[in-house]
Every structure is written in C-alpha cells, then in structure tokens.
Amino acid sequence: MITIDNLTLGYGEKKVIESVSFAVEKGEIFGIVGPNGSGKTTLLKAISGGQDVREGFIEINQRSLASYHSKELAQIMAVLPQQSETAFTYAVWDVVALGRYPYQKGWLQGLTAEDKDIIHKALIQTGTEPFKDKPLQALSGGERQRVLLARALAQEPEILLLDEPTNHLDVSYQMSLMNSLKQWSRDRNLTVIAVLHDLNMASLYCDRVLLLDEGQTIALNEPRHVMKTDHLTHVYKTPLECGEHPSVPSPLITFVPEQNHETNLSPIDQLTIDRNEKWIKVTSPTRWKALSSAVLGAGFSWHNTFVNRHVHKDYQCDDVGEEFKHFLEAHHVSATDVLGMMTAAMLEDGTILRSNEKDMNLLVMVTAGTSNAVDAARAHEHPAFVQQIGTINTWVFIEGKLPESAYVQALMTVTEAKAKAMHDEEIMDASTQTIATGTSTDSVMIAATQEGTKFPYAGTITPIGKVVAKLVYDATREAIVRNKRRRGV
C-alpha cells in the first residue's frame, strides 16, 4: 500500500533521513522508533506530504504521493500530530466535524446525516462524547489528543499516521487507544504508521518496527527481531535488557539503572540468618533475583527475605499461600518481600555450606527429610496423589549475574546433585523399593545478586555449575545423615 524507496530528507545542507526504504501493507501497524533526533517525525511528515523529498520516492497504492491533490489525499490519509493543537476555539463536536471536510463538495455544504453518524461514532470510539460541547482549549492535553484522534477517525482514512499518539495520555487511555488501533487494523483494514516513544508499546502492538538512528535504518523487522539488547543499547546508549513478556509473545524492554552499593562486604556476607524451630529466615539489605518453586514467590521474582518454615507432617490447609501470609504477619514480617517454603523436616538438621572460591561466592542451604521419598522413574506406580509437605528444600545463593537460561541450568544441576546424594545414601522409595530420586514435593530456589561476575551457563560441567553441584551434593548428604540419626536409621 505504501512504498518508500531510497528516501533521503533534510533541511538545508543537513540530511535528516538517509537512504531509507520500506513498504507497509494494508491493515498493518508499522512502528517507527529511535532516540530524539533520529528523524522519526521528519519521516512521518514526508509520508503525509508535508516534507519535500530530496532523493528517492514515496508511493501510495502504486501512485506517486506528489500526484495526489490535498483533498484527495485527505480521503485516504489522516494525521495525528505530536503536539496537541490549542488554536481552536471550537467545541469538541465542531473540531471532530472538520474530519468530514475532505468529503464536502462545496463551501456551503452542511453535514449530512451520514457525516453526523460518523462523527458520533468517532466520539464514542475515543471516549470524547461526554465533553462534545466543551471548548477544545478547556480540555487537558490527554483529552485534546483524544479529540484530535476522533477528528482523524472521522475522515474514515485508509491510512492513519500517528506521531507519538500516547503522548499526554494516562496509562488506561494509552492501552485503550492502542487496543483500538489494533482492532481497527483488523476489522477495517486500517493501515497505521506510528512514531512511538514507548518501546514496549511498539513491541506489544506493532506488526513490524523500523529502528532509526541518526536518520539511518538500524533494524527493520518484527518486534522480537528488532527489540534486541545489542540493537537498542547501541542506539539509545543506555544499559537495558530485552526479555520476554510474561503474558504475550512479545519482547519486554527494561532499562537498568546505575547501582552503587557503598559497602566493602560481599552480598553473602551481608545475609543475616535467623534459625530456630519454626523457621530458617535469611534476610538481605538488597534484593536477589530468584527462580523457585516456593509457596510464596514462585517463578522469577526479586526478594530480600527468604523463609523456610517448619510445619507438622500432618499439616493441611485449603489455601496454603494465605495461611503462610497470616503466619508471617503474626511474626511481624511483610509477606510482600518474602520467598517462602515449607518443610516437615526438622530445621536443626538442615545444612548450610559456603564456597568462596575466586569469583565464585556461593551459599547453599538444604533441609531434608525422606519419609515421602519417590523414584521418579517409578512414580506412575504410586497410588493416587496426596498432597504432602516438601521434605527436601534446597536454596542456592550466588553472587553474580545469570541470564534466565542459566537459572534453569542451575535448577538441573541442583536436581542431579540431589538425586546423586540420595542414591549414595541409599534412600528408598517405600512403594517401589527402588532408589529414590527425590521426595514427592521437593522445593528449590536459585537466587543471584545480578551484579558482578557474569555466569552465562550453570550446567554441571561449567565453573559455577561444578561449585553448585558439589555444595548441593555435600549439603544434601549431610542433611540426610542428620535426618537418619534422628529417626534412628
């Protein structure tokens, strides 16, 4: 529908856009992103016909942009500028009604019934109908932006050009606007080209994204191929990370602030361990990024308090999470900051080991009981599942920076080391009379400071993996031995 070929734009001697080429298909939402001064607005202005082309060409429906008369182009294309217009003294209804001007045949022609119906729909779609009789200048910046969007929609365009459309809008209206654009692109085949300042909005809603820097194309593709850490760090010249959105298959961009912890103590040295018959509680002055199967804080999360709570072996509760929160509140601990596990094992039998080899400072804690030990390979032979409290809980604290893939590898390393420890201690599955690989509801946590030494991998043969495996193996065996002594085995 729109073709841009080898486009160069500028002001005087300065080139603002240089040799940019792309095509936008009908019904596509096409995003343009880049830092200030990268040429985004100038490029959009050229597509609207408001900027002279120095080199290259722009075509709409296989026809040169320059060949369109202004009124003819306005029936195809509508523009929402970056700055909210304040010169109007008209009421909101009258401003939106200007969107019907391209369809009027003469100077004195009034609005038809069809025109009024289209205006009314545009007001409803943008949430501006409640103040349709108010002067535009009496509205907030966000409200004016929505009125101007309604005016653009009233043109019933095939193409909608938006320059930072979420500017001045509250979050709810930003989401409403982008959701509406997505819906209109599908239902009406509306083609949208939007300059976006918010990288996550571009990632969530655009079919493709053009990343510009100093007027040149850095990347052009689907968001997951453009929103890469190396691309964005180079262009925006600031630390950031690109991960995965938790709910939809889109990249999630997060900026990383500079951190300065003014202390000579290592993060593990700053951990405080409170150990008694009801819990092992570890607290830290800073938060650690953890991956866990905990009762509280499962999955990836950041925490500065870690609680391994002892409960009776016959513990039963309909809502374990809520009960755990009440327990913490009763002990004056905010559940918001807690990663919490439960175990029926006696906490005094737990083992805490530490390694501070060069560039690998780790702490491992294991509490173990084996009354519900299971051989995973023979678990299908067990009777119907009965929920029991986890009896082997494993915590691993790592000073260093791990990608999420290394967290998963560390989980595998922990599991293999634990299984080997159970094998060597000859822990049996009571139902199958085979060597157990774990207990029925074991829990595990990997926590890292996300500062300092980078550990890209954490499998069993990697430098960090070797240390994790040894500490977990030794701690698990020691905790099991203590449990055996308690049971007189």
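Summary table
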{"item": "From Leu162, Leu169, Leu153, Leu181, residue being assigned by TED's automatic domain parsing to the domain that holds Ile58 and over 28 Å from His69 (Cα atoms)", "result": "Leu169"}
{"item": "Selection count, the stretch 289-323, where residues are in a strand (DSSP E or B) and either under 12 Å from Trp279 (Cβ atoms) or among the hydrophobic types (A, V, I, L, M, F, W, C) (or both)", "result": "11"}
{"item": "Counted residues, the stretch 201-239 - those being in contact with a strand residue (DSSP E or B) (Cβ under 9 Å, 6 or more places away or on another chain), closer than 27 Å to Lys14 by Cα and in a strand (DSSP E or B)", "result": "9"}
{"item": "Sole exception among (1) in contact with a strand residue (DSSP E or B) (Cβ under 6 Å, 6 or more places away or on another chain); (2) buried (at least 20 other Cβ atoms within 10 Å of the Cβ) for Val92, by number", "result": "(1)"}
{"item": "Residues being closer than 17 Å to Asp442 by Cβ and surrounded by fewer than 17 Cβ atoms within 10 Å (Cβ to Cβ) - total across the stretch 294-319", "result": "3"}
{"item": "Number of the condition not met by Thr413 [criteria: (1) among the polar types (S, T, N, Q); (2) assigned to a strand (DSSP E or B); (3) modelled with pLDDT of 95 or more; (4) more than 21 Å from His303 (Cα to Cα)]", "result": "(2)"}
{"item": "Condition check for Leu265: on the phi < 0 side of the Ramachandran plot, in the same structural domain as Ala152 (by TED's automatic domain parsing) and not acidic (Asp, Glu)", "result": "no"}
{"item": "Test: residue in the stretch 107-119 that is under 30 Å from Ile4 (Cα atoms), assigned to a helix (DSSP H, G or I) and not aliphatic (A, V, I, L, M)", "result": "no"}
{"item": "Unique match (being out of contact with any His (no Cβ under 7 Å at 6 or more places or on another chain), in contact (Cβ under 8 Å) with a residue 24 or more places away in the chain and outside the structural domain of Leu211 (by TED's automatic domain parsing)) among His326, His303, His245", "result": "His303"}
{"item": "Residue within the stretch 418-429 that is part of a loop (DSSP other than H, G, I, E, B) and surrounded by 15 or more Cβ atoms within 10 Å (Cβ to Cβ) present", "result": "yes"}
{"item": "Verdict on Glu277 being loosely packed, with under 13 Cβ neighbours inside 10 Å, closer than 30 Å to Glu323 by Cα and modelled with pLDDT under 95", "result": "yes"}
{"item": "Whichever residue in the stretch 372-392 is in a loop (DSSP other than H, G, I, E, B) and in contact with a strand residue (DSSP E or B) (Cβ under 6 Å, 6 or more places away or on another chain) and, among such residues, is modelled with the highest pLDDT", "result": "Asp375"}
{"item": "Within the stretch 129-183, tally of residues that are within 25 Å of the chain's Cα centre (by Cα) and assigned to a helix (DSSP H, G or I)", "result": "13"}
{"item": "Any hit, the stretch 38-56, residues being loosely packed, with under 14 Cβ neighbours inside 10 Å and over 37 Å from the mean Cα position of the chain (by Cα)", "result": "yes"}
{"item": "Meets criteria (of a type in the set (Lys, Arg), out of contact with any Cys (no Cβ under 6 Å at 6 or more places or on another chain), under 25 Å from Val295 (Cβ atoms) and in a helix (DSSP H, G or I)) for Arg486", "result": "yes"}
{"item": "Hey, Thr432 in a loop (DSSP other than H, G, I, E, B), at pLDDT below 90 and in contact with an Asp or Glu (Cβ under 9 Å, 6 or more places away or on another chain) or not", "result": "no"}
{"item": "Test: residue in the stretch 164-174 that is of a type in the set (Ser, Thr, Tyr) and under 20 Å from Val192 (Cα atoms)", "result": "yes"}
{"item": "Out of Leu196, Leu232, Leu271, sole residue that is over 30 Å from Val53 (Cα atoms) and not hydroxyl-bearing (Ser, Thr, Tyr)", "result": "Leu271"}
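The values are calculated or read from the model by the stated rules, or taken from the named source; none is laboratory data. Worth saying up front: this structure is predicted, and the values here are computed from it rather than measured. Positions of Cβ are generated from backbone atoms using ideal geometry, with glycine treated the same way; all protein chains shown enter the neighbour counts.
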